[in-house]
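Bear in mind that the values in this text are calculations on the coordinates, not laboratory data. As the structure is a prediction and not an experimental result, all values here were calculated from the model. Note that each Cβ is placed from the backbone with ideal geometry, even for glycine, and that neighbours are counted across all protein chains shown.
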């Protein structure tokens, strides 16, 4: 059975969001949502369709973004 892109997008976002929320690493919800959505969309456009790959890469990108933000604020 083939899954729709919309469903793949939603499932991947939900996995990433739930992980970040459960670990206390979500931060600002609007910023997190925007960053996760953008990351997942970019990867979908490049052909990635695996939920866990999409969510894990989006999480990693968001955590790098947050780390860079904290480093720039500390300077």
Pairs, first touching a residue at least 24 places away in the same chain (Cβ under 8 Å) in the stretch 27-43, second surrounded by 14 or more Cβ atoms within 10 Å (Cβ to Cβ) and not in a helix (DSSP H, G or I), C-beta under 7 Å, six or more apart: 32/26
Qualifying residue in the stretch 52-60 (condition: surrounded by fewer than 12 Cβ atoms within 10 Å (Cβ to Cβ), in a helix (DSSP H, G or I), on the phi < 0 side of the Ramachandran plot and under 14 Å from the mean Cα position of the chain (by Cα)): yes
